[in-house]
Amino acid sequence: MRRTTLLILLVLAVALAPGVHTAQAPASATPLAKALAGWQDMRFGLFIHWGPVSLTGHEIGWSRGAQTPSDAYDALYTRFNPVQFNADEWARAAKDAGMKYVVFTAKHHDGFCMWDTKTTDYNITRSPFGRDVVRELSDACRSHGLVFCTYYSILDWRHPDYPLGSPAGKTRKANADMNRYAEYLKQQVSELVTNYGPLAVMWFDGEWEEPWSVERGTDLYAFLRRLQPSLIINNRVSKARAGMEGTSAAGQFSGDYDTPEQRIGGFNMGRPWESCMTICEQWAWKPDDAMKPLSQCLRTLVSTAGGNGNLLFNVGPMPDGRIEPRQVERLKEMGAWLRLRGESVYGTRGGPFKPGAWGASTRRGTRIYLHVFAWDGDARTLPAIPAKVTRVQLLGGARVEFTQTTSSLTVRVPAASRDPIDTVIALDLDRPAMTIAPVEVGSSGKAPAPQRTR
Ligand code: FHN
């Protein structure tokens with residue numbers, strides 16, 4: 001069976017997993033379009049930032065030549081032996097969280113390779129640990145029905161041919177050769193796609209520095225497209241990303257989706273996007289790092305889905321190979337919530353009521369899911385919609401009182417029946433929910449007054 005077909009089947013299998021209903025792309029769609037639709041259906045993934053740097057508790061890549069002198073940083077791998085690393089436990093943690101895909105830092109800005117690469121000895125098989133982490137994690141993900149993806153940093157502050165170095169790209173290397181580095185990069189990403197794939201996503205990063213260009217990004221995208229037609233590639237393959245907003249400048253080549261970072265992306269029904277965020281503060285492991293409360297984790301997930309985006313939620317495993325138990329527990333709490341309410345996230349699309357302080361909404365078929373965070377007494381008022389509401393109920397629960405007029409829609413749920421984090425209400429309609437134009441929700445709940453045009 002062709003690898004592309006295999007991957008599409010795998011992505012759809014994950015998307016069609018119990019509780020996940022896919023808004024499938026039409027049968028005539030390209031392998032990439034089908035893969036993107038399946039990926040959007042998944043809505044929730046685990047980001048993992050890990051490497052020998054975890055021995056220091058400082059940030060991966062950025063601490064090289066800063067908190068840790070570069071020579072000392074580059075020697076960390078010689079004492080890296082995470083004997084408690086168990087890929088099955090990591091995959092189980094993602095599964096128990098209700099996550100559908102995993103993105104792992106195969107190579108970050110420090111240039112260390114977490115797979116058995118033939119391109120450099122600066123890799124995990126040369127450490128005391130000696131095992132191919134990407135191999136074990138990709139196998140574990142697939143055996144747990146998760147889709148596997150790799151993160152790859154275009155910049156490489158250690159490699160002699162990449163012109164800029166640590167700290168943070170502020171130094172310039174003598175005798176660097178960017179063309180030779182670009183070939184090295186292609187060999188590495190080719191290994192990842194060919195030997196560990198099919199991958200769902202190649203998650204590029206580190207595109208912002210001067211040595212990388214739109215031309216190189218466009219060429220790399222085309223190279224990978226030929227290697228795996230269904231491979232999803234983010235906008236950081238090229239130079240169109242607007243900083244942490246993650247959106248792509250119009251008219252510039254920008255890969256397959258946008259990548260807001262440490263924030264919830266803007267509502268967008270036209271272009272796929274994924275917010276990447278840390279469960280704590282740092283991407284790599286940091287002792288006693290501040291961890292986000294469950295309410296923030298869940299509202300972030302729901303508000304992301306409500307904006308028509310995915311959430312890639314990051315953990316930084318410890319130097320012994322374990323994900324911190326408190327982080328595993330937080331992920332389990334998210335999974336417990338999703339086991340009861342996952343149909344309002346997986347396989348949905350955002351809107352039609354745009355996210356805000358009030359809450360968010362998602363939709364599929366003839367159903368809108370309201371995710372209500374804030375109430376006015378027992379009521380939540382929303383703008384009118386051009387569809388007849390035929391039935392309103394708490395998801396999996398009792399019928400809900402509602403009033404629909406030509407100017408608003410109001411639902412009423414007594415406090416005792418509400419979820420303090422997110423009360424999910426199913427609105428059934430007399431027509432497909434995707435036919436309804438997205439609408440802002442003003443502070444009163446009704447549509448905000450139209451802006452006066454000068
Ligand atoms: O510099 C990296 C950072 O370490 C981390 O990997 C994030 C994750 O999206 N990306 C870059 C910062 O934008």
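Things to note:
- Considering residues of region 249-277 that are of a type in the set (Ser, Thr, Tyr) and touching a Gly at 6+ places or on another chain (Cβ under 8 Å) only, the residue nearest to Ala33 (Cα to Cα): Thr259
- Arg158 meets each of the listed conditions (1) open to solvent by less than 30 Å² (accessible area, probe 1.4 Å); (2) within 16 Å of the ligand (Cβ to nearest atom) apart from (1).
- Remark: Leu231 matches the filter, which requires a residue to be closer than 27 Å to Phe44 by Cα, assigned by TED's automatic domain parsing to the domain that holds Arg142 and open to solvent by less than 20 Å² (accessible area, probe 1.4 Å).
- Any hit, region 291-298, residues being open to solvent by less than 10 Å² (accessible area, probe 1.4 Å), free of Cβ contacts under 8 Å to residues at least 60 places away in the same chain and away from the ligand (no atom under 15 Å from the Cβ): yes
- Where helices (runs of 4 or more DSSP H) fall wholly inside region 49-154, the ranges with 2 or more residues that are buried (at least 22 other Cβ atoms within 10 Å of the Cβ) are 87-96, 133-143.
- Annotation: Pro198 fulfils all but one of (1) open to solvent by less than 20 Å² (accessible area, probe 1.4 Å); (2) at pLDDT 95 or above; the unmet one is (2).
Let's see how each residue does on (1) within 16 Å of the ligand (Cβ to nearest atom); (2) within 23 Å of Pro319 (Cβ to Cβ):
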site: Val83; (1), (2): no, yes
site: Val102; (1), (2): yes, yes
site: Tyr151; (1), (2): yes, yes
site: Ala182; (1), (2): no, no
site: Gly197; (1), (2): no, no
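- Of all residues in region 242-251, at least one satisfies being within 21 Å of Tyr101 (Cβ to Cβ), touching a strand residue (DSSP E or B) at 6+ places or on another chain (Cβ under 6 Å) and buried (at least 18 other Cβ atoms within 10 Å of the Cβ).
- Residue in region 394-408 that is surrounded by fewer than 16 Cβ atoms within 10 Å (Cβ to Cβ), out of contact with any helix residue (DSSP H, G or I) (no Cβ under 9 Å at 6 or more places or on another chain) and closer than 20 Å to Trp337 by Cβ present: no
- Residues (farther than 27 Å from Val83 by Cα and open to solvent by less than 40 Å² (accessible area, probe 1.4 Å)) located in region 299-330: Thr300, Leu301, Val302, Ser303, Thr304, Ala305, Gly306, Gly307, Asn308, Gly309, Asn310, Leu311
Quick grid of which residues meet (1) modelled with pLDDT of 95 or more; (2) assigned to a loop (DSSP other than H, G, I, E, B); (3) more than 16 Å from Tyr152 (Cα to Cα):
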site: Gly217; (1), (2), (3): yes, no, no
site: Leu224; (1), (2), (3): yes, no, no
site: Ser230; (1), (2), (3): yes, yes, yes
site: Met244; (1), (2), (3): no, no, yes
site: Phe253; (1), (2), (3): no, yes, yes
site: Arg263; (1), (2), (3): yes, yes, yes
site: Asn268; (1), (2), (3): yes, yes, yes
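- Any chance Leu382 is surrounded by fewer than 22 Cβ atoms within 10 Å (Cβ to Cβ), of a type outside the set (Phe, Trp, Tyr) and at pLDDT 95 or above: no
- Hits in region 274-290 - residues which are within 16 Å of the ligand (Cβ to nearest atom) and either open to solvent by less than 10 Å² (accessible area, probe 1.4 Å) or charged (D, E, K, R) (or both): Glu274, Ser275, Cys276, Thr278, Ile279, Cys280, Glu281, Ala284, Lys286, Asp289
- Checklist (1) over 29 Å from Arg299 (Cβ atoms); (2) in contact with a helix residue (DSSP H, G or I) (Cβ under 9 Å, 6 or more places away or on another chain) applied to Ser28, failing item: (2)
- Tally of residues being under 14 Å from Asp428 (Cβ atoms), open to solvent by less than 10 Å² (accessible area, probe 1.4 Å) and in contact with a helix residue (DSSP H, G or I) (Cβ under 8 Å, 6 or more places away or on another chain) across region 363-373: 3
- Test: residue in region 205-219 that is closer than 24 Å to Pro31 by Cα, open to solvent by less than 40 Å² (accessible area, probe 1.4 Å) and under 23 Å from the mean Cα position of the chain (by Cα): yes
- Among the residues of region 41-81, those that are free of Cβ contacts under 8 Å to residues at least 24 places away in the same chain and either of a type outside the set (Ser, Thr, Tyr) or away from the ligand (no atom under 12 Å from the Cβ) (or both) comprise Thr56, Gln67, Thr68, Pro69, Asp71, Ala72, Ala75.
The values are calculated or read from the model by the stated rules, or taken from the named source; none is laboratory data. Computed from a prediction, not measured in an experiment: that's the story for all the values here. Ideal geometry is used to build each Cβ from the backbone, glycine not excepted, and the neighbour counts take in all protein chains shown. These area figures cover heavy atoms from the full protein model, side chains too; ligands, DNA and RNA do not enter into them. Shrake-Rupley method; radii C 1.70, N 1.55, O 1.52, S 1.80 Å.
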